[in-house]
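Here's the structure, in structure tokens; my notes come after.
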Amino acid sequence: MRVTPVRGLGAAHDERRGAILEAVFAIVDTEGTHQVSIRRVAERAGVSVGRVQHYFPSKDDLLTAAFTAINDRGTARVQARLDGASNPVEVLLTELIPATPEDHRLFRVAQAFETHALTDPELSERLRQSYSELLALLTALGSDRAAEHLALALGLAGLTLTGNLTAAEARAAVRSGIKKRG
């Protein structure tokens, strides 16, 4: 007979941890990383402060886990689209452009965490490493100007958040930029 764990790893553990991280994302999206506290996250997630601390003993642990989780979501999303793509550079870069309301939310949260990471040495190093890996992937996929291509896509993504461009316009500009720049 198999016993379902009541503590530690398991489906319920992952679900509770995910709900806590979603509460962090909601606070970051509407108020910024500076408003994240264990107490506010607990209130938002509908759990006790002790429950949050069980998963994330400190605010730094909470922010680090949320930073990692938002980056992992983006990576998984891009990877799912890359499998079998005929033009993987284009797919990767256009996937960085937020198109749906949920994409916009996740991009805003990711941007807030990137800003926060710039003042946190550990997260700053993780951010640098993530960008290095993304640039290496673009190069491996055939981009001969990976940094230019990435900067173009990320800049255009930001313009979709401000409403200056639609996702379709930004994605068309990425495609055009890839063709013009090589």
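Structure summary
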item: Pairs, first over 13 Å from ARG108 (Cα atoms) and touching a residue at least 40 places away in the same chain (Cβ under 8 Å) in the stretch 154-182, second among the hydroxyl-bearing types (Ser, Thr, Tyr) and assigned to a helix (DSSP H, G or I), C-beta under 6 Å, six or more apart; result: ALA167/THR160; ALA170/THR160; ARG171/THR94; VAL174/THR94
item: Which numbered condition LEU92 misses (of (1) within 25 Å of GLY32 (Cα to Cα); (2) crowded, with 16+ Cβ neighbours inside 10 Å); result: (1)
item: All helices (runs of 4 or more DSSP H) inside the stretch 113-181 with 1 or more residues being closer than 30 Å to ASP61 by Cα and of a type in the set (Lys, Arg); result: 121-140
item: Count of residues meeting criterion [within 14 Å of ALA69 (Cβ to Cβ) and in contact with a Phe, Trp or Tyr (Cβ under 9 Å, 6 or more places away or on another chain)] in the stretch 34-54; result: 1
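Let's see how each residue does on (1) touching a Leu at 6+ places or on another chain (Cβ under 6 Å); (2) small (Gly, Ala, Ser); (3) in a helix (DSSP H, G or I):
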site	(1), (2), (3)
ASP29	no, no, yes
VAL41	no, no, yes
ASP60	no, no, yes
PHE67	yes, no, yes
VAL78	yes, no, yes
THR94	no, no, yes
GLU102	no, no, yes
ALA110	no, yes, yes
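Yes or no, residue by residue, for (1) surrounded by 17 or more Cβ atoms within 10 Å (Cβ to Cβ); (2) modelled with pLDDT under 95; (3) at negative phi:
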| site | (1), (2), (3) |
| --- | --- |
| PHE56 | yes, no, yes |
| THR64 | yes, yes, yes |
| ASP72 | no, yes, yes |
| ALA80 | no, yes, yes |
| GLY84 | no, yes, no |
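The values are calculated or read from the model by the stated rules, or taken from the named source; none is laboratory data. A quick note: this is a predicted structure, and the numbers were derived from the prediction, not measured. With ideal geometry, Cβ positions are generated from the backbone for all residues, glycine too; neighbour counts draw on all protein chains shown.
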